[in-house]
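What follows draws every value from the coordinates through simple rules; no lab data is involved. Note that the coordinates shown come from a computational prediction; the quantities given were computed from them, not determined experimentally. A quick note on method: Cβ atoms are made from the backbone with ideal geometry, for glycine too, and the neighbour counts reach across all protein chains shown.
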Amino acid sequence: MQTIAGPTGPLARAAKVKTRMGGSTGETGSALWLMVPALAIYAVFTLFPVAVTFWLSFTNSAGFNTPAEFTGLDNYARAVHDPIVWQALGHTFLWLLYHLVLAGGLGLALALAIGSLGKTRTFFRTAFFLPHLVSLAVVGVIWANIYDPFFGLINTGLIGLGLGNWTQGWLSDPSLVLFSVNVASSWQGFGIYMLLFIAGLQNIDSSLYDAASVDGATPFQKLVHVTLPGLREVMTFVVSLALINGLKGFATVFVMTNGGPFYRSELITTYIYRLAFQSQDHGLAAVLCIVLSLLAITITVVFTRWRARLAQ
Amino acid sequence: MFKFLVRGAAIAALLAASGYAATAETLRMWGPEQITEPLVAELWNGIKSDFEAANPGVTVEFMPPTGTISNGAVQAAIQSDAGPDVILTNSGIGRITVVKNAKQVVPLTKYYEERGWKNQIYPWLYADLQGQFGGEIYEVPDGLDALGIWYHKDLFAEHGWSMPKDWTEFLALMKAMKQAGVQPIAIGPRTPASAGHLFGNLLQSASGTDMVRKALKREIAFDDPAIAAGAVRLRELVDAGYIDKQMAGLDLEGASRLWFSKRAAMFVAGPWFTANARKAGYDLANAGYAPMPSDLPGETKPTGGVGWSWLVPVSSKQPELALKWIDFVLSDAVMKKRAQNAASTMIYPRALDGVEPSTPVLKEIFAAAAGGVGYNPSVYLPGPVVDIYFQVLQGVISAQINGEEGMKQIQAKLAEAK
């Protein structure tokens, strides 16, 4: 028996959807034309620079005013044999870790602390978010002064408290410098993570806490068994964001140490800048840009897949 | 009739305006780094007005400089194609090599003859410039540096200290300073050039001008013991606590603050430090200046070289006007006006008869430099080597490496550089 759906039946609705999705040739053409401006902007400002960077990595370019010769894989070989590249790569991973723990951890801790507040929550949320509005370059200048070994807030404070032996060369000690600069960077960055965690906390069903209370769960047990699992999705997003932000770390290092002392705070990004704009070695700088991009893609993909597997 | 006159006047005004627009020109420049300071701004606004008056229809626009060749700002500005038409920046062969190799600056050689610039700088300076790039010249020197030790006259008088004659006495002086609870030397190697200032002085003191010249011309290696001696001395000063290794975390501003507050007794700087002192409210009459003592006869002298130069970027929209500006700056009237001004902070590229330095400490610096200056390697090392050079100095000051190792790394990079 043949079933004929009326003009308002499921078949008609499906046909409308199909028209919207697939559409006729004329509609597809119009859609493509409408996409042209966005595609053009994407091509000019993203695809073209990516292509140029890729091309530069095979040349000995010293800037756009000089003819660049094709040098094959020379720049890649130079990158492999350059000890500063490896050092900067190691520092970049350490920087990522610090950023994840300091900025991500502080964001989570403050979100948990503020989440349980009443009327004062808005005030603290705003106050803790404020550093995020300060530019990283300004943050660098402020913290470089805080770390000043002779006049800085930390060392003079320690001396004032009679703890002169605890004073450190925060930006001169090779084992401390990367951590010190990362603290400044994380201080600027934790606010956004805190807001994301607060949003996540608000989405956790309160009945779960009620049920846990009825079961006699302690606050710590509620945190471990209700809050943290409830924040899983937000955490995935925050970790991905923190990893990408960490990889982009540049301004505070550039302002506070310029990669020093003796390359002890050199990151891939600061080394790229040094090569491209100070030494005009665009070929090697382009190779490191590609390495950095691959690193970002790999870390994000691996992390996302790992999270997906864990969720299953 | 009235309408006719009004229309005529309007047309004339339009024509005049369009004619003006056709001839109106703007020369955009990066002036001195301290242009935001009131005294310096007053001087340069005066020079700008004089130039505009001498060139009707021309407007000079100062773009506050955002950096130097060393930190890549000059290169970025030129590369942007929206940068200045003429640039005053820290120079010297090492820095100029970077922008010259990137073909970012216009060769100016022929103008030295055509516009008579070669007669407006010291003959030895012209010869020096000619010898840098096989005869091609890319800069016009604006000022020379003379780096030596700045000290507080009152602090020295209070403790009965005086600037010694040789290195051994200098070590004894630093020991006395440390015992008196004063940091002997302040240094801010986070500003790379600052570390270079001190190290250049130590190199001059330990090795002498001729040996340093040979090293810079690659006639002897940087890790040769005769040259490495300067780096060894630097590390010895760190190990003895005469240079606190925590200073590796200071920049020029932080180190200056340490000196201005008299928590440090000595600071290695050039005549430009008068601007920093003025800004900090330091009494310049209390500042003394002396070259770094040396055991080598005749080698107790400041280090330096070309400190600041005018460059014409290839992206200059007004190259002809840029040349006119350089003519103007080199003129006697402008150079004397600058030299006599209280904002003056440097040694000019030619002798200026009848001009008295504006502060007592500048007189001392000019007197110390009158017998010639030694080399400041920061200015003479090739561009690709400068970075490792500064990092090595930071490494020695933070006690991460010793002098010999550091010099080996510099030599290795020097061997790679073209």
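Share of pairwise Cα-Cα distances greater than 36 Å in chain B is 28 percent (whole percent). Each of A:Leu133 and B:Asp210 was given a label point 7 Å from its Cα along the Cα-to-Cβ line. The distance between the two points is 6.6 nm.
With respect to chain B, whose longest principal axis is taken over its alpha-carbon atoms, helix B:2-23 is tilted by about 30°.
The residue among A:Leu47, A:Gly246, A:Pro261 whose Cα reaches farthest toward the positive pole of the charge dipole of chain A, with charges on the beta-carbon of Lys, Arg, Asp and Glu, is A:Leu47.
Based on the Cβ-Cβ distance from B:Gln179 to A:Trp166, what FRET efficiency comes out when R0 is 22 Å, to the nearest 0.05?
Details: r = 25 Å, r/R0 = 1.12.
According to the calculation, E is roughly 0.35.
Please arrange B:Leu311, A:Leu47, B:Leu43 by how many other C-beta atoms lie within 10 Å of their C-beta, fewest to most.
Ascending Cβ contact count within 10 Å gives the list A:Leu47, B:Leu43, B:Leu311.
Among residues other than A:Leu56 whose Cβ falls under 15 Å from its Cβ, what is the net charge (Lys/Arg +1, Asp/Glu -1)? After counting each charged neighbour, the total is -2.
At an R0 of 51 angstrom, the distance between the Cβ atoms of B:Lys363 and A:Trp86 translates into a FRET efficiency of 0.50. Relative to the dominant Cα principal axis of chain B, helix B:319-330 is inclined by about 60°.
Less than 15 Å from a label point 7 Å out along the Cα-to-Cβ axis of B:Asn55: which backbone N atoms in region B:322-348 qualify, by residue? Residues B:322-331, B:334 qualify, since their backbone N sits under 15 Å from the label point. Exposure proxy ranking for B:Val105, A:Val138, A:Val183, based on other Cβ atoms within 10 angstrom of each Cβ and starting from the fewest, stands as A:Val138, A:Val183, B:Val105. Mean separation of Cα pairs under 8 Å and 6 or more residues apart, divided by the residue count, gives chain A a relative contact order of 26 percent. Projected onto their three principal axes, the Cα atoms of region A:75-311 cover extents of 65, 51, 29 Å, largest first. Taking the C-alpha atoms only, the angle from helix B:192-207 to the longest principal axis of chain B is near 50 degrees. The relative contact order of region A:45-203, computed from alpha carbon pairs under 8 Å that lie at least 6 residues apart in sequence, is 27 percent. For the residue pairs B:Lys118/B:Lys301; B:Lys175/B:Lys217; B:Lys262/B:Lys336; B:Lys217/B:Lys262; B:Lys317/B:Lys337, the alpha carbons lie more than 32 Å apart in B:Lys175/B:Lys217; B:Lys262/B:Lys336; B:Lys217/B:Lys262.
Dipole orientation for chain B: of the candidates B:Val98, B:Gly305, B:Ser378, B:Val98 has the Cα lying most toward the positive pole (charges on Cβ; Lys, Arg +1; Asp, Glu -1).
Using a simple spin-label model with pseudo-atoms 7 Å out from Cα toward Cβ, B:Arg218 and A:Arg305 lie 4.8 nm apart.
If R0 is 41 Å, the Cβ-Cβ spacing of A:Leu153 and A:Leu32 corresponds to a FRET efficiency of close to 0.10. Think of chain A as having a plus end and a minus end, set by charges on the Cβ of Lys, Arg, Asp and Glu; of A:Gln87, A:Val287, A:Val302, A:Val302 sits farthest toward the positive end of this dipole.
Over all Cα atoms in the protein assembly as shown, the spread is summed up by Rg and Dmax: 31.3, 118 Å. Starting from the Cα of A:Leu73, step 7 Å toward the Cβ, then list every residue of region A:274-312 with an amide N under 17 Å from that point. Only A:284, A:287-288, A:290-291 pass the distance filter. If you take the alpha carbon atoms of region B:292-379 and fit the smallest convex hull around them, that volume is 123 Å³ per residue.
Take peptide B:69-82, look around each residue's Cβ out to 10 angstrom, count Cβ atoms belonging to other protein chains, and average those counts. Numbers along the way, then the final one.
On the way: counts 2, 2, 6, 8, 2, 1, 6, 4, 0, 3, 6, 0, 1, 0.
Mean partner-chain Cβ count within 10 Å for B:69-82: 3.
Can you work out D for region B:109-217 in µm² s⁻¹ from Stokes-Einstein, where Rh is the Kirkwood radius over C-alpha pairs, the temperature is 10 °C and the viscosity is 1.306 mPa s? The Stokes-Einstein estimate is 91 µm²/s. From least to most packed, judged by other beta carbons within 10 angstrom and beginning with the fewest, B:Tyr126, A:Tyr42 follow the order A:Tyr42, B:Tyr126.
Please state the charge dipole magnitude for region A:75-311, taken about the Cα centre, from unit charges on C-beta atoms (+1 on K and R, -1 on D and E), reported in debye and rounded to the nearest 20.
The dipole magnitude comes to about 300 debye.
Shielding value for B:395-406 is 3, the average number of Cβ atoms from other chains within 10 Å of each residue's Cβ.
In vacuo Debye scattering of region B:131-279, one point per C-alpha: log10 I(q)/I(0) at q = 0.11, 0.12, 0.19 Å⁻¹? Scattering profile of region B:131-279, log10 relative to I(0): -0.47, -0.56, -1.25. Going by a ≥ b ≥ c, the root eigenvalues of the Cα gyration tensor, does region A:39-195 fall in the rounded group (a/c under 1.5), the prolate group (a/b larger than b/c) or the oblate group? It comes out oblate by the Cα gyration axes. Report the label-to-label distance for A:Ala113 and A:Asp215 in nanometres (one decimal), using points 7 Å from each Cα along the Cα→Cβ vector. The modelled label-to-label distance comes out at 2.9 nm. Normalised by the number of residues in chain B, the average gap of Cα pairs under 8 Å and 6 or more apart makes the relative contact order 26 percent. Peptide A:168-175 shows a mean partner chain C-beta count of 6 within 10 Å per residue C-beta. Note on region A:110-235: the C-alpha convex hull projects to 10.7 nm² when averaged across all orientations.
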